[in-house]
Amino acid sequence: MKKQQILSQQVCFPIYAFAKEIINQYRPLLDAIELTYPQYLVMLVLWEFESQTVNQLGEKLKLDSGTLTPLLKRMESKLLVTRTRSSSDERIVNIALTQNGKALQIKAANVPAQLIEAMNVTVEELQELKNIISKISNKNNKK
């Protein structure tokens with residue numbers, strides 16, 4: 001068997017396993033504020049920008065509209081966001097925070113610190129990991 005075909009030699013497997021582990025660490029923290037991880041990501045963008053089109057959200061989160069639309073509908077039913085079609089172009093859907101969505105930011109404020117504590121790592125270690133991942137992603141996105 002070739003060395004490249006051994007699981008322990010795979011670069012992507014630990015990344016895959018780590019991504020699953022991070023989501024599992026987030027789950028109880030986000031359950032406490034009644035969000036899923038993808039919903040939390042949407043909220044992070046909206047807390048930063050207040051409103052975005054579905055396409056803008058998709059670009060920032062690297063998700064297509066087929067994935068985002070049902071997610072946003074569920075968030076709208078939870079009264080966290082509003083979805084409004086543009087009056088100038090019906091194909092454009094604007095997503096904005098509701099008062100409930102804005103208020104949730106306060107409840108979510110401790111999630112990053114709680115995650116770091118749960119994972120037993122330092123902020124510096126996570127920042128280093130993020131920098132490496134971003135560097136690789138940016139190189140691959142330029143191709």
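We did not get these values from a lab; they are worked out from the coordinates using the rules stated. If you're wondering where the values come from, they're calculated on a predicted model, not measured in any experiment.
Numerical summary
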item: Region 75-126: relative contact order as a whole-number percent, Cα under 8 Å and 6+ apart; result: 25
item: Cα-based convex hull volume of region 3-108 per residue, rounded to whole Å³; result: 121
item: Anisotropy class of region 78-143 from Cα gyration tensor, a/c 1.5 cut; result: oblate
item: Sequence-distant lysines (8 or more away, or on other chains) whose Cα lies within less than 25 Å of Lys60; result: Lys20, Lys73, Lys78, Lys102, Lys107, Lys130, Lys135, Lys139, Lys142, Lys143
item: Cα gyration tensor, region 9-49 - rounded (a/c under 1.5), prolate or oblate; result: oblate
